[in-house]
Amino acid sequence: MTQSTDVGSLVGTWVAAGVAIIALLGVVGPILVWRASRTDRNKAIDLLSDEGADSGGFVTQGIRVTSKIRLFRRFEAPELRASPSLRTPTLLLDDQVPTVSTNSASWVQFGRLLQAYHINFAKTGLLVIQDGQTWLPIHRSWILIVGIMGRFGKRKDSGKIVIRSTSGVASTQAKPGDFVAPSGRSSQGLPRGLRRVPRNYTPDWRMSNPGWTSAAYSTSGTKYKTLHGITGVIHFGTEMPGAAQSEKDTKRLYFTSHTSQEIGEVTKEPMDIGHMFWLAVGCLPAPGSKVFSLDDVHSIAVQEEPQALPPTPSPVSPGVRFSGIQDDDSDWEGGMGNPAMPEWGIISPNTYVVPTSSPTATLSGYYESRAFQFSPINDRAEALTEVAGSINIDDKSERIYSLEEVELTDEILTELKNASDTTYVPLSIPWVRLDPETRTQGWFLKRDDAQLLAQALLAIPMSPHGYLVSANKRSRCRGLLCQAAQSLPQLLARLVYSFQSLGLDGNGADTLLQMMGNMYAKTERLEKTRSFYEVIFKLDEGLSSVLHPDPRVNDAIGVLMITNEEFRALIAQSARHIDESVDTTLEFDVANGTLNVPAVMGFIQRFPVEIAVLYPELRRDDGPITITLRELMFAALKARVRGAVLETSLDSLPLFKAFFDLARVVHLG
């Protein structure tokens, strides 16, 4: 009996334990699961896939408990806290990599963009969970590199291509709008419950750019400066003067990628990231591992400009000028004086190579002649050294040149005086006028250096997306390179009018004529949009098939178009008489380095070309090369197009200013 009682008691105990376990699993378990799902971490994970958002493969699946609850999920976020270390010279934006929804978290979209560029990174990033959202710590250099590759800046077209409707008519182009960080979100991608910007406030950065979109603020008092690129939009958080500001907001930024339709067809970049960096910091990469800084010498003092200037003669460029450019993509805050004059002592945030004055440079009067050459003596802006190293910029393997003032000997003074007293610099004088627009100063650059600089512009690989360039319009070297673009509409009109006389036929001729017509139409109302860069890219590409087969000939014509005012005037006059002189030929004397052009009354003008400097490794003992008028005109047109490419490039200054406003490590939301 006692044994039966013990067995019954044992069974009862086990039954009670089972009931307790069932109760625990059935009642307490769901409560624990529910509480676990309501932690900040799990709620933040839920937001990553809420309302059409996508985690981008950066969150594991975990264990499904219910249809709406998953546990034991892990983040596999990109590790981007360190400065990049890119060793691949060319980054390919692979359009086969699936994009994520624009509702997704900014860091998810940014990580997928890096994957599309085939940039490898570890998935060990530590996310910060705050305000119910996930924030990825990221080194600011990643933002600058993606910004350069994506041509991020102030863009009226938002960096998007024009999407065609089904009827074949272009839809209305989206305009850049205000961005305000949310005070609450249902997902991490779309703001909810936002207020508009107070219109009675004009921030400092906008006062010099009244034509651009206004800044926007969140309810926490953070101002977001928005930059648009061909791959997406970046919103930089900065402090609003006079408003309550928490420090964490100044370190936050958002990224929204464009859809695949808005990005359009992308091809492999013809230029590597290193060369794109050089352009963005105001330098021009050239063949032979050379780099030329376009900045003026910052450290030479000059006397102030007189209040009244005497009249100075200047040649008149016939025809329409390529001057209808609205530079509202720039953040330049220099003085409002003559745009050809530099702000001495000011180094822009997008300056990396800093020209230094020679020991012989002295205080100069405003009207005194000055001579310059390109020299490897220069400094580096330390603030950008880390970024340069992250993309494998090696100063030891590249020869970097910048302007250096030349000591004026009696011989040089005589040459400069003779050059200053004439409309055109005499062909016998080995100098090029460096300030052709003002003519108030006798600033000159050595002719061989000027032609090397022009050759570098002619050799730049073209891209249908354009390039981000340091748009210091006060730079004399940049002004020299852009001279050829001034009469581009005139030459286009002349060539289109006389196209039949040039002797081209077939489908290729019709295509080229259409390209020239499209380019001319763009010059009537020039806007720095993706459609414009595509038109100018196609024309440059189309001209390659009608140039002279010897590249030395095309370079000779091109460098003269860019650096020689008299040669440009001669081309402009010749373009007016194509129909009558289509059979005219000229020759390039390789041995003596001159382009020989027939002039009036049987006179031959011999324009000097520094062929030994441009092609130091090639033989120069072949005879004169015959050039047809058609080859001359198309090579001249290509040089003008290249000048227009530089003249209309997007300014990199807004991106660099936003970059330097960031902490070394910021949080991408």
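FYI, it's all coordinate maths here, none of it is from the lab. Computed from a predicted structure; not experimentally measured. Backbone-built Cβ (ideal geometry, glycine too); neighbour counts: all protein chains shown.
Listing 661, 95, 579 from the residue with the fewest other Cβ atoms within 10 Å to the one with the most, what is the order?
With the fewest neighbours first, 661, 95, 579 line up as 579, 95, 661.
Once a ≥ b ≥ c are taken as the square roots of the eigenvalues of the Cα gyration tensor of segment 469-543, is the result rounded (a/c under 1.5), prolate (a/b larger than b/c) or oblate (a/b not larger than b/c)?
It comes out prolate by the Cα gyration axes.
Per-residue HN-Hα couplings for segment 118-128, Karplus 6.51 cos²θ - 1.76 cosθ + 1.60 at θ = phi - 60°, whole Hz, x for Gly and Pro?
6, 8, 7, 8, 6, 9, 10, x, 9, 7, 9
Can you give me the orientation-averaged projected area of the convex hull built on the Cα atoms of segment 422-528, in nm²?
For the Cα atoms of segment 422-528, the hull's average projected area reads 9.5 nm².
State to the nearest 20 debye the size of the charge dipole of segment 485-650 about its Cα centre, where the only charges are +1 on K and R beta carbons and -1 on D and E beta carbons.
Dipole size: approximately 500 debye.
Report, in listed order, any pair from 154/446; 528/638; 123/251; 156/638; 290/638; 522/638 with a Cα-Cα distance greater than 24 Å.
154/446; 156/638
Taking only C-alpha pairs under 8 Å that are 6+ residues apart, what is the relative contact order of segment 485-650 in percent?
31
Under 5 Å between amide hydrogens, which residues at least 5 positions from residue 379 or on another chain qualify, with H placed 1.01 Å from N in the peptide plane?
Answer set, sorted by chain and number: 354, 356.
Where does each of 627, 129 land when they are ranked from fewest to most other beta-carbon atoms within 10 angstrom?
129, 627
By counting other Cβ atoms within 10 Å of each Cβ, how are 446, 396, 123 ranked from fewest to most?
The fewest-first ordering by Cβ neighbours comes to 396, 123, 446.
For segment 485-650, how big is the tail of P(r) above 19 Å, as a whole percent of Cα pairs?
55
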